[in-house]
Amino acid sequence: MRVITGTARGRRLGELEGMETRPTTDRVKEAMFSILQFDLEGRRVLDLFAGTGQLGIECLSRGAAQAVFVDRRADAVKLIRENLKVTELTDRARVVAGDSMEYLKSLREHFDIVLLDPPYAAGLLEPAIEHLTTFDILNPHGIIVAEHPAERTLPPVCAPYRIHRTYRYGKIGLTVIHRAANEEIGEQHP
């Protein structure tokens, strides 16, 4: 695994051993950052179910202002910190050791971009999206990018959120959810 582009371009990231963590493939990661390329500069990013931290690190490398990484596994948290040191991005990152869903329940801050790539079989993707949208954790014009099995269709989301598009890359799907601006919400609900 390497950082694709930006200030940490080409830096090799450490990987977790075992089969519990499934890193995002290069093809899907390139597609994801093609989708996000104009939305990263100066933004606050939440990398939930962070694993190795590769997605949040890619955001920081491409100009995101800050990233928060959340993972429950101690070995993952340690590796994220090591990968941040290797890429020299520690100063704009915060690593949280703990359950991602519990983190969402206690969240008191807002983000511009949320990256979701939970273990596919854990059943956490839909509850995470529901919590993010119900408690309106994104700033206006915020974006959620969710990675999931291609055959899975995500349920509809409530305003001010909308599913923008789902992309397919072989067996993997990426669903992009946008949050409307506050002015647009006012126009929809007089």
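The values are calculated or read from the model by the stated rules, or taken from the named source; none is laboratory data. Predicted, not measured: the structure shown is a model, and the values here were computed from it. Backbone-built Cβ (ideal geometry, glycine too); neighbour counts: all protein chains shown. Protein only, heavy atoms only, side chains kept; ligands, DNA and RNA dropped before computing areas. Shrake-Rupley method; radii C 1.70, N 1.55, O 1.52, S 1.80 Å.
What the table below lists for this structure:
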{"item": "Dmax and Rg, reported as Rg then Dmax, of the chain (C-alpha, Å)", "result": "15.7, 53"}
{"item": "Relative packing of peptides 84-92, 172-180 - highest average C-beta neighbours within 10 Å first", "result": "172-180, 84-92"}
{"item": "Net charge contributed by nearby residues that have their C-beta within less than 12 Å of residue 64 (K/R +1, D/E -1)", "result": "-1"}
{"item": "Cα pair distances in segment 34-126, grouped into 10 Å bins until the bin that holds the longest one, percent each", "result": "17, 52, 29, 2"}
{"item": "Distance between modelled label sites at residue 106 and residue 136, nm, 7 Å Cα→Cβ extension", "result": "2.5"}
{"item": "Of 123, 51, 142, the one that fluctuates the most in a GNM where the chain has Cα springs shorter than 10 Å", "result": "123"}
{"item": "Table column - 3J(HN,Hα) (Hz), segment 171-179, Karplus curve with 6.51, -1.76, 1.60, x for Gly and Pro", "result": "8, 10, x, 10, 10, 10, 10, 10, 9"}
{"item": "Probe 1.4 Å, protein heavy atoms only - accessible area per residue of the chain in square angstrom", "result": "49"}
{"item": "Tail beyond 18 Å, pair distance distribution of segment 99-190 (Cα, percent)", "result": "44"}
{"item": "Kyte-Doolittle at least 0.5, axis length at least 24 Å by Cα - qualifying DSSP helices, the chain", "result": "none"}
{"item": "Rounded to whole Hz, the Karplus (6.51, -1.76, 1.60) HN-Hα couplings of segment 100-115, x for glycine and proline", "result": "4, 5, 5, 4, 4, 5, 9, 5, 10, 10, 10, 10, 9, 9, 10, 9"}
{"item": "Cα gyration tensor, segment 21-77 - rounded (a/c under 1.5), prolate or oblate", "result": "oblate"}
{"item": "Where labels lie 7 Å past Cα in the beta-carbon direction, separation of residue 34 and residue 72 in nm", "result": "3.4"}
{"item": "Percent RCO, i.e. relative contact order, over the chain, from Cα pairs under 8 Å lying at least 6 residues apart", "result": "17"}
{"item": "Choice from 125, 46, 107 with maximal GNM fluctuation in the chain (Cα, 10 Å cutoff)", "result": "107"}
